[in-house]
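Comments concern the structure below.
The values are calculated or read from the model by the stated rules, or taken from the named source; none is laboratory data. Nothing here was measured: the structure is a model prediction, and the numbers come from that model. Here the Cβ positions follow ideal geometry from the backbone for every residue, glycine too, while neighbour counts run over all protein chains shown. Ligands, DNA and RNA are stripped out before the accessible areas are found, and what is left, the full protein with its side chains, is counted by its heavy atoms. Shrake-Rupley method; radii C 1.70, N 1.55, O 1.52, S 1.80 Å.
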Amino acid sequence: MFLNYGDSEHSQSIGYMNKNVDLEINSCGMYRLDPGNDLEACRPGGRNDYQLIYIASGKGYFYFDSLKNPLEVAAGNMVLYPPHALQKYEYHGNDCATIYWIHFTGAKIDGLFQKFDLDPDSHTIFSGTESYYALAFEQIILELQLQKKFYKESTQMLFTHIIALVGRHQQELTQNRAFSQNEVTQCMYYLREHYRDNINIESYVKGRGYSTSSFFRKFKSHTGMTPLQYLLEIRLSYASKLLESTNLQINEISELIGYDNALYFSRLFHRHIGESPREYRERFRKE
């Protein structure tokens, strides 16, 4: 296991709280675990200061309200422990985790988190695994080890920079999700309006300026199916209604829902509904 660690002159095993400053960094460090080297920490009464843990790779197991049922937290997340809260966490060597942690104090911690749209009461914060987090943590460690002039101010600015970057990441994530949802919704409307047409979904997606694979993944994450599957669901739904409510021929229904080949339509219908269009109509009318 590799350990790199730095602290201020006030280092204590239980930490300390200083309400006379807005923000102060107490200590900062990094663990890199190898297979066979497990690590566990348990502080039933917590510490007097805050602790933020960044999982750069691998994963960890964290307890928050009790010593049962740990939460598995993967790389790309940060875990926040407030003062005097139960702290128990485990890292397994086989997960090859790289963990950065920082203890901090001050009177305006909640305000700092809220300024960057982060919830200070949240146990976990999704941050992503961008390299600039590790660089900032390592710079804080170095500042605490060397303790050159203005090192306290430097560590405060570096920590604030980390929190600002996490806040930015959260905002961009929210915007991207909203944007993705909007694009998926527009595609769904388009398919419902044009299901009778000979639709080329790949051309539609490229015309919107997206790669096909990326858009298909977003569509499936929002709907549980691909655009092609969604289009098929629409067509078969309309075909079922026409079989139930009209005397139209099978080939006429096939054309109305966008299939020129009635045999192909019948095979699709049988594959997904479990019976042929004719059998479906006969069964429906007998019920």
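Highlighted here are the strands (runs of 3 or more DSSP E) found entirely within the range 59-159 that include at least 1 residues which are farther than 15 Å from Glu40 by Cα: 71-74, 77-81, 98-105, 124-126. Considering the range 66-106 alone, what residues qualify as being touching a residue at least 60 places away in the same chain (Cβ under 8 Å) and within 15 Å of Gln51 (Cα to Cα)? Met78, Pro83, Ile99, Tyr100, Trp101, Ile102, His103, Phe104, Thr105, Gly106 - these are the residues of the range 66-106 that are touching a residue at least 60 places away in the same chain (Cβ under 8 Å) and within 15 Å of Gln51 (Cα to Cα).
When the range 174-215 is examined, which residues are found to be over 17 Å from Thr226 (Cα atoms), surrounded by 12 or more Cβ atoms within 10 Å (Cβ to Cβ) and in contact (Cβ under 8 Å) with a residue 40 or more places away in the chain? Correct list: Arg196 only.
Listed here are the residues, each with its yes/no results for (1) open to solvent by less than 80 Å² (accessible area, probe 1.4 Å); (2) not in a helix (DSSP H, G or I).
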| position | (1), (2) |
| --- | --- |
| Leu228 | no, no |
| Arg235 | yes, no |
| Ser240 | yes, no |
| Leu243 | yes, no |
| Leu248 | yes, yes |
| Glu255 | no, no |
| Gly258 | yes, yes |
| Leu263 | no, no |
| Arg267 | no, no |
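Scanning the range 78-98 for residues that are farther than 24 Å from Gln12 by Cα and either buried (at least 21 other Cβ atoms within 10 Å of the Cβ) or of a type in the set (A, V, I, L, M) (or both) gives a single hit, Ala97. When we screen Thr160, Thr155 for residues that are within 30 Å of Ser122 (Cα to Cα), touching a residue at least 60 places away in the same chain (Cβ under 8 Å) and buried (at least 18 other Cβ atoms within 10 Å of the Cβ), the only hit is Thr155. When you check Asn18 against the structure, is it open to solvent by less than 60 Å² (accessible area, probe 1.4 Å), in a loop (DSSP other than H, G, I, E, B) and under 21 Å from Tyr151 (Cα atoms), yes or no? It is true that Asn18 is open to solvent by less than 60 Å² (accessible area, probe 1.4 Å), in a loop (DSSP other than H, G, I, E, B) and under 21 Å from Tyr151 (Cα atoms). Within the range 192-230, which residues are under 28 Å from the mean Cα position of the chain (by Cα) and under 29 Å from Arg283 (Cα atoms)? Listed by number, the residues that qualify are Met225, Leu228, Gln229, Tyr230. Within the range 123-147, residues that are in contact (Cβ under 8 Å) with a residue 60 or more places away in the chain sit with their Cβ atoms under 7 Å from residues that are open to solvent by 70 Å² or more (accessible area, probe 1.4 Å), at 6+ positions apart or across chains, in these pairs: Ile141/Tyr5.
When the range 134-152 is filtered for residues that are open to solvent by less than 80 Å² (accessible area, probe 1.4 Å), under 23 Å from Lys115 (Cβ atoms) and not small (Gly, Ala, Ser), the ones remaining, listed by number, are Phe137, Gln139, Ile140, Glu143, Lys152.
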